[in-house]
Each structure stands twice: as C-alpha cells, then as structure tokens.
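Okay, so here's the structure we're looking at.
The values are calculated or read from the model by the stated rules, or taken from the named source; none is laboratory data. Given the structure is predicted, the values throughout are model-derived calculations rather than measurements. All Cβ positions, even for glycine, are placed from backbone atoms using ideal geometry, and neighbour counts span all protein chains on display.
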Amino acid sequence: MSEGGHDHVAQRLRQSGTLAVLRSRRSSLESRGVRGWELFEEMATAGVRHREAHAARTGRCGRCWHEGARCVCGRLPSLRGEVLPGGVRLLILMHHKEYLSAGNSAKLLLRMMPDHQVELFVFGLCGEMDRLARELAVDPTRNLTLWPGENSVRLDEYLGNGPERGYFGSSPTLKLKQGQCLRVVALDGTYSNAKHMRKALRKRLGEVTPQEVALHPATTSVFRRAQKNYGESANKGASSCDGSTRLARRVSTAEACGLLLIELGASAEVWSNIVRAVLLNNEALS
C-alpha cells in the first residue's frame, strides 16, 4: 500500500475512534437527562476538545491551523495601523465544526487584525453564546449581523437610518463619537450551519437581535471552497428598506468582512491584503 493509502486508512481509523468516544459520551449525557441546547453544547465542546488534542499531538500551528510545514503565518499581510476604520469591532461567531479547520477563512482575520478589533466566539462551545450576548449588551443600538436574508438591509441603508433614527446622520458614512463602537457579528460556517447560528442568535437575543445587513459584492469569491460550491451562486431575497429585492452573492467570511470594512472607510489595501491571505491559505491546502 502506498504512503498516501496508509495515511488515508489511519485517518479513517482516528475518525471512527473519535466517533465511538463521542457516541458513548452522548449516550451517557442522555441517560442523565441532558437534552436540547445543553446537550448540543456538551457534544460540541467534546468534539472541539478532541480536535484540540489531535492538533497538539500532530504539531498543527495554533494560529493558522495548518500542519507545521504548511504554516502561512509568516507570509500573511498585516491589517494593523491606520488601514482599518476606528470604532469597529468584528465578532466572529464560528461554528464549532469550522474550529481548527485549516481551510477556514475567518481564522485569517484573527491572525491579521489587532486583538481589540476582532474576537472569536465558537458556536457550540459551552458558555460562548452567553459571552457573545454580554458583548452585544454593551450597546445594543450599535450592533449588526452580516447576513443576506430577506429582511436584511444594505449597509448604506443601515448607516443612513441608524439603529437610532438619525444617529449616523443622513449620509451613509460611519460616524462614531469618542468611545463608541460598532459591533459586527460575522456568522462563520457553511450556509446551513450559518442559518442554524442565526436562528440560535435570534432566539437567544430576542428583541435586541442586531439588524441584519447584506453585502452585494460585484465579483465572485476567491475562496477555495467557494469556487467549487458557491462561487457563482447568489442568495435571492435580500431586501432593502424600500422593499426592493437584490441578489446577495455568497463569499467567504474573510472576504465578507473585508468588503464591510471597505464600506465603513477602511483603506483599499485592506481588501487586497485579505484576498492575498485567502489565496495563500488556498495554496497551503494544495
């Protein structure tokens, strides 16, 4: 058997072993009456801990999540300094199945951006939704969620009207006073998993759920996963305040956040650097 064949067999054995452990844990939890959201969090957390242990054993980079020889950290461009708009904070709600995946794009933002402007929340990990809710409760009037849904508005419409009428002024530009912050929730996962996260977020936050904002990129994604699965697709039904319907093309989380930052006044190099980072990550996966 070839070396590649041995690797494939070893991987399948590891996966089957992990599944057996997780199934045993689920049975134990259910026998103790654990159900619903609590069961979901317990199982997701167990899965994350298994992946963390495996990553540590195999020497994966703790920042870019690639195997040591494929680490891209030293080649990633920086998004620090004056290129980013002030007062904007990205809150990445990453589905637990994306965590530690080398193919994930959002992890690039965590490596490239300053800590005070980006933070990771792992959906499914025990306590993470509560932690996100506390962050959003700091100022519920200045939060938004990136989501191309039927009730979403364009960013210029959100900024023009504002969560408080007139707050951002009549022009579609971001105007924050000293000490104020616009918090942006970016749902990171496959489309079906992102829908699950959106539903859970709305259920958790209720009336203070952030306004959903859809972006409308003119070009298709350079993300490796996108080129195969959704590079040419668009989510129909993203509507504006005036009731008109537009197409919201699907892009990766990193690209979506880059487009948002540009519309909020970031330097043009932000977009080019994010695209460069996504391409570097694609290359490391080859």
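A few points about this structure:
- Residue satisfying all of: in the stretch 41-71; small (G, A, S) and in contact with a strand residue (DSSP E or B) (Cβ under 9 Å, 6 or more places away or on another chain); surrounded by the most Cβ atoms within 10 Å (Cβ to Cβ) among these: A44
- Residue selected from the stretch 176-203 under the condition under 13 Å from the mean Cα position of the chain (by Cα) and without any contact (Cβ under 8 Å) to a residue 60 or more places away in the chain, by the criterion surrounded by the most Cβ atoms within 10 Å (Cβ to Cβ): R198
- Tally of residues being surrounded by fewer than 21 Cβ atoms within 10 Å (Cβ to Cβ) and closer than 17 Å to G124 by Cβ across the stretch 89-104: 4
- Selection from the stretch 51-71 of residues that are over 19 Å from the mean Cα position of the chain (by Cα) and either basic (K, R) or assigned to a loop (DSSP other than H, G, I, E, B) (or both): R57, G59, R60, C61, R70, C71
- Residue-level check: of (1) closer than 27 Å to S192 by Cβ; (2) β-branched (V, I, T); (3) not in a helix (DSSP H, G or I), V48 misses just (3).
- Taking the criterion of being out of contact with any Asp or Glu (no Cβ under 7 Å at 6 or more places or on another chain), farther than 21 Å from G68 by Cβ and crowded, with 19+ Cβ neighbours inside 10 Å, the residues of the stretch 105-116 that qualify are L109, M113.
- For K107, the conditions (1) in a helix (DSSP H, G or I); (2) in contact (Cβ under 8 Å) with a residue 60 or more places away in the chain; (3) among the basic types (K, R) all hold with the exception of (2).
- Members of the stretch 83-102 that are farther than 22 Å from A137 by Cβ and at pLDDT 95 or above: H95, H96, K97, E98, Y99, L100, S101, A102
- Among the candidates G86, G74, the residue that is surrounded by fewer than 20 Cβ atoms within 10 Å (Cβ to Cβ) and in a helix (DSSP H, G or I) is uniquely G74.
- Against the list (1) outside any strand (DSSP E or B); (2) charged (D, E, K, R); (3) free of Cβ contacts under 8 Å to residues at least 40 places away in the same chain, the condition E150 fails is (3).
- Of the residues making up the stretch 121-143, those that are touching a helix residue (DSSP H, G or I) at 6+ places or on another chain (Cβ under 6 Å) and not in a helix (DSSP H, G or I) number 7.
Residue-by-condition table, conditions (1) out of contact with any Pro (no Cβ under 7 Å at 6 or more places or on another chain); (2) under 27 Å from E67 (Cβ atoms); (3) at pLDDT below 90:
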{"residue": "R25", "(1), (2), (3)": "yes, no, yes"}
{"residue": "R32", "(1), (2), (3)": "yes, no, no"}
{"residue": "G36", "(1), (2), (3)": "yes, no, no"}
{"residue": "T45", "(1), (2), (3)": "yes, yes, no"}
{"residue": "A55", "(1), (2), (3)": "yes, yes, no"}
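- Across the stretch 13-23, the qualifying residues are those that are in contact with a His (Cβ under 8 Å, 6 or more places away or on another chain) and exposed (fewer than 14 other Cβ atoms within 10 Å of the Cβ), and the one among them that is nearest to E67 (Cα to Cα) is R14.
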